[in-house]
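Here's the structure, in structure tokens; my notes come after.
The values are calculated or read from the model by the stated rules, or taken from the named source; none is laboratory data. Predicted model, so just to flag it, every value in this text is computed and none were measured. As a convention, Cβ positions derive from the backbone with ideal geometry for all residues, glycine included, and neighbour counts pool all protein chains shown.
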């Protein structure tokens, strides 16, 4: 095999990367193009004329509900079932909001407690949850901060870390 | 665009028969400018290539801006996606319930399609219960599927309802009259006595009032409403209101 020399090497072998390191840029380009041509020849394609998809401008709708704007099916009259009456208000005003294209008519739902009450309770809830999950040292810090009504500058003592003994 | 609406406009309010065709010959030269608006064909109208064909006999109705449909009468319900119906649970098999909705096939309702249902926390649904749900899948090729929650996961009034009360069947036309936005029948019924009503688009209506007699009165009124003019109905309701008080 050594006697034959470079002439007897196959085409595929010559196309491999390590054999091309010594080549010029031009030769490399030619080889690349040949490879691409071989690959794209192997790809399959449909030999049909180009068909444009027709845009459907007729939409089919099978249900009567959007046609006639039917309301919600559960109804209750004269307070027979108060939950259903609430639902009726909710669902029917929701539908009206979709129809009106003005700015939001945000219908405020009846609330049991006012917004301020809600905000106050939420604040205290957050505080108590924070205390519950705080470490013992932080817990005392929190209570100390709360007692300071004037909100003076608090002196932050350095955290107690391990001090290496000096011999 | 005006040609299309003009074709329809001359027939709005007229009786059409199956086989009537609306065809629009659009010139190719306009290209993008003509085909911008969409037309929505409601029930009773079908698209056939570039034409619209009528497939039910009835009156052509129109809603702004571009919705047309045929108003017809029938008693047989065909499931359609998005409609809310009353179903009766007939069987429990594995993970789904089989529900009878009055169509050609029984609908399936998964046990996870209830509010707050998980694999461990199964909903309390027995055979014979009444269920108010919506269709998610309803076409002629597949078995219809019901759910009792909306896309956000909330029940919104759907699910099992009603221990007492009476379920009966009416025609689909009456159901649509009852569910219309400003329904006169409902307004007249309200004045008589307090009661609860669930109307399914498959022609089933469930009524519950304080006593059995009142329930039966409401049932009979609804069943007779179908074939009465509004005047006859109002005189009848007045008589009932006076009689019961």
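Figures for the structure shown
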{"quantity": "Qualifying residue in region B:102-117 (condition: touching a helix residue (DSSP H, G or I) at 6+ places or on another chain (Cβ under 7 Å), over 25 Å from residue A:57 (Cα atoms) and at pLDDT 90 or above)", "calculated": "no"}
{"quantity": "Enumeration of residues in region A:68-89 that are more than 8 Å from chain B (Cβ to nearest Cβ) and either surrounded by 20 or more Cβ atoms within 10 Å (Cβ to Cβ) or under 30 Å from residue B:40 (Cα atoms) (or both)", "calculated": "A:88, A:89"}
{"quantity": "Residue identified as within 10 Å of chain A (Cβ to nearest Cβ), farther than 15 Å from residue B:164 by Cα and either in a helix (DSSP H, G or I) or in contact (Cβ under 8 Å) with a residue 24 or more places away in the chain (or both) among B:189, B:236", "calculated": "B:189"}
{"quantity": "Test: residue in region B:198-207 that is outside any helix (DSSP H, G or I), surrounded by fewer than 19 Cβ atoms within 10 Å (Cβ to Cβ), touching a residue at least 40 places away in the same chain (Cβ under 8 Å) and within 12 Å of chain A (Cβ to nearest Cβ)", "calculated": "no"}
{"quantity": "Output for region B:79-91, where each listed residue is in a loop (DSSP other than H, G, I, E, B) and buried (at least 17 other Cβ atoms within 10 Å of the Cβ)", "calculated": "B:79, B:80, B:83"}
{"quantity": "Residues being part of a loop (DSSP other than H, G, I, E, B) and either touching a helix residue (DSSP H, G or I) at 6+ places or on another chain (Cβ under 7 Å) or over 21 Å from residue A:74 (Cα atoms) (or both) - total across region B:127-150", "calculated": "8"}
{"quantity": "Entirely in region A:1-59, the helices (runs of 4 or more DSSP H) that have 3 or more residues that are surrounded by 10 or more Cβ atoms within 10 Å (Cβ to Cβ) and modelled with pLDDT of 80 or more", "calculated": "A:25-42"}
{"quantity": "Among the candidates B:153, B:157, residue that is at positive phi, assigned to a loop (DSSP other than H, G, I, E, B) and more than 9 Å from chain A (Cβ to nearest Cβ)", "calculated": "B:153"}
